[in-house]
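Here is the structure we will look at.
The values are calculated or read from the model by the stated rules, or taken from the named source; none is laboratory data. On a predicted model such as this, the values are computed, not experimentally measured, just so you know. Cβ: placed from backbone, ideal geometry, glycine included. Neighbour counts: every protein chain shown.
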């Protein structure tokens, strides 16, 4: 009997405008893959005139629900959100803990200089634009994940063209 492939959970880690979603669009993963974007969930739930965080509880519940469902059926589940701090990573990994038995957990980290984040963000428009103050605050709170947080692997993407 052939050994079953181990399912993988990838956590994207990076400030807004660091290129997480773009990285995912330009890379493929072996096997069935689902990308779950917290922003896509958020924008499907809030109206144009509602504040960004107005439905955060519903966004969180749906994000976790979709991740748990994906972990059951896909080879790769990719969580596209900032996950910039140890606290935010702990929160999602704890919420998914029962579903992570025998799952390989990997962080894909996109550290970028503040100037790069602000420049890339300035090219955004509409809902995808993030206030500069929010980016600066998140940049100050950004931390590289460690294996002690529960990751089997941590991949740091230092430049856009770097491949995993």
* Asked: Taking segment 120-135 as the search range and keeping residues that are touching a residue at least 40 places away in the same chain (Cβ under 8 Å) and over 17 Å from residue 46 (Cβ atoms), which one is surrounded by the fewest Cβ atoms within 10 Å (Cβ to Cβ)?
  -> 124
* Asked: Identify, please: which residue in segment 24-66 is over 25 Å from residue 8 (Cβ atoms), without any contact (Cβ under 8 Å) to a residue 40 or more places away in the chain and part of a helix (DSSP H, G or I) and is, among those, nearest to the chain's Cα centre (by Cα)?
  -> 56
* Asked: So is residue 50 closer than 23 Å to residue 19 by Cα, out of contact with any strand residue (DSSP E or B) (no Cβ under 7 Å at 6 or more places or on another chain) and surrounded by fewer than 17 Cβ atoms within 10 Å (Cβ to Cβ) or not?
  -> no
* Asked: Which residues, counting only those in segment 116-136, are farther than 17 Å from residue 22 by Cβ, at pLDDT below 95 and not in a loop (DSSP other than H, G, I, E, B)?
  -> 132, 133, 134
* Structure fact -> Flagged in segment 83-107 as at pLDDT 95 or above, outside any helix (DSSP H, G or I) and farther than 18 Å from residue 32 by Cβ, in numbering order, are 83, 84, 85, 107
